[in-house]
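Engineer: Before anything else, here's the structure in question.
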Amino acid sequence: MAQLSKKTIQHFTHCHPLMKVSANTEFLCDGCKTLGFGTRYRCEPCDSDLHDHCADSPLEISSFMHQMCLRLVWQPCR
């Protein structure tokens, strides 16, 4: 994920930059597919939203519950 400006990011799952917006409305996160409310990263042309934590999540984490590093994988829709 590349940082473009303070409020805009380029997320690896999306072809357009995502703008951080704050709205008092509900949305469905296109990352984790759960509901969110308020601040999100949004692509207006594609009607795509990500929670803050979905947009900022690292590509790899380590956990005491697993011996190897866990990698975030993403498969584009067909």
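The values are calculated or read from the model by the stated rules, or taken from the named source; none is laboratory data. Everything numeric in this text was worked out from a predicted model, so none of it was measured. Using ideal geometry, Cβ is built from the backbone for each residue, glycine included, and neighbour counts are taken over all protein chains shown. Ligands, DNA and RNA are excluded from the accessible area calculation, which covers all protein heavy atoms including side chains. Shrake-Rupley method; radii C 1.70, N 1.55, O 1.52, S 1.80 Å.
Engineer: Counting only residues that are closer than 17 Å to SER57 by Cα and without any contact (Cβ under 8 Å) to a residue 24 or more places away in the chain, how many does segment 36-45 have?
Structural biologist: 3
Engineer: Follow-up. Could you please give the count of residues in segment 25-62 that are within 10 Å of the chain's Cα centre (by Cα) and assigned to a strand (DSSP E or B)?
Structural biologist: 6
Engineer: Using the structure shown, decide if SER22 is open to solvent by 40 Å² or more (accessible area, probe 1.4 Å) and either at pLDDT below 90 or under 10 Å from the mean Cα position of the chain (by Cα) (or both).
Structural biologist: No.
Engineer: Counting only residues that are within 13 Å of THR8 (Cα to Cα) and of a type in the set (A, V, I, L, M, F, W, C), which one in segment 27-62 is surrounded by the fewest Cβ atoms within 10 Å (Cβ to Cβ)?
Structural biologist: Among those residues, the one meeting the criterion is CYS43.
Engineer: Could you run through segment 10-19 and say how many residues are open to solvent by less than 30 Å² (accessible area, probe 1.4 Å) and at pLDDT 90 or above?
Structural biologist: Residues meeting the conditions: 1.
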